[in-house]
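Below you'll find the structure, written out as structure tokens, and then a few comments.
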Amino acid sequence: MQYHGIAALIVMGGGRPVGILSEGDIVHAISRYGDAALQITVSHIVGPKLISVTPQDSVKRAMNLMTNNRIRHLPVLENGHLAGIVSLGDVVKHRLDELELETNVLRDVYIAAR
């Protein structure tokens, strides 16, 4: 993961996404199990519930899910199949772009009203 700059991996089961394995999950497993963590299966580390969004969900919903569940990556599922992954960085960038656009519009309105 480190070599490829990947912070999270999708865990597949039966051809469908069933979980996410993150860097944090691995660190917690090593903290809990010590060296034995390197020998246990991914299913012992990954949580039992996959939290995801669909392509039709809003960025606000993704942001709320990430905040409320304290997660940094959300799989995007379409008809049960992986369509992509949204990261916290993606959401922050989108929000910053929105704020920049809003600022520019407000500035233009202010200048036009003078």
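The values are calculated or read from the model by the stated rules, or taken from the named source; none is laboratory data. Model, not experiment: these values are computed from the prediction. Neighbour counts run over all protein chains shown; Cβ positions are idealised from the backbone, glycine included.
Taking the listed residues SER52, SER43, SER22, SER87, the one that is within 27 Å of GLN2 (Cβ to Cβ) and at pLDDT 95 or above is SER52, with no other qualifying.
Checked against (1) in contact with a strand residue (DSSP E or B) (Cβ under 7 Å, 6 or more places away or on another chain); (2) within 19 Å of SER22 (Cβ to Cβ); (3) part of a helix (DSSP H, G or I), ARG61 passes all but a single condition, namely (2). State yes or no: is ILE10 touching a residue at least 60 places away in the same chain (Cβ under 8 Å) and assigned to a strand (DSSP E or B)? Against the criterion (touching a residue at least 60 places away in the same chain (Cβ under 8 Å) and assigned to a strand (DSSP E or B)), ILE10 qualifies. Per the listing ILE71, ILE45, the residue uniquely under 22 Å from GLY14 (Cβ atoms) and surrounded by 11 or more Cβ atoms within 10 Å (Cβ to Cβ) is ILE45. For VAL105, the conditions (1) part of a helix (DSSP H, G or I); (2) of a type in the set (A, V, I, L, M); (3) under 26 Å from GLU23 (Cβ atoms); (4) without any contact (Cβ under 8 Å) to a residue 24 or more places away in the chain are fulfilled apart from (3).
All told, ALA83 meets the bar of being of a type in the set (A, V, I, L, M, F, W, C) and either loosely packed, with under 12 Cβ neighbours inside 10 Å or in contact with a strand residue (DSSP E or B) (Cβ under 9 Å, 6 or more places away or on another chain) (or both).
Kindly indicate whether ARG107 is surrounded by 13 or more Cβ atoms within 10 Å (Cβ to Cβ) and either of a type in the set (Lys, Arg) or at pLDDT 95 or above (or both). Against the criterion (surrounded by 13 or more Cβ atoms within 10 Å (Cβ to Cβ) and either of a type in the set (Lys, Arg) or at pLDDT 95 or above (or both)), ARG107 does not qualify.
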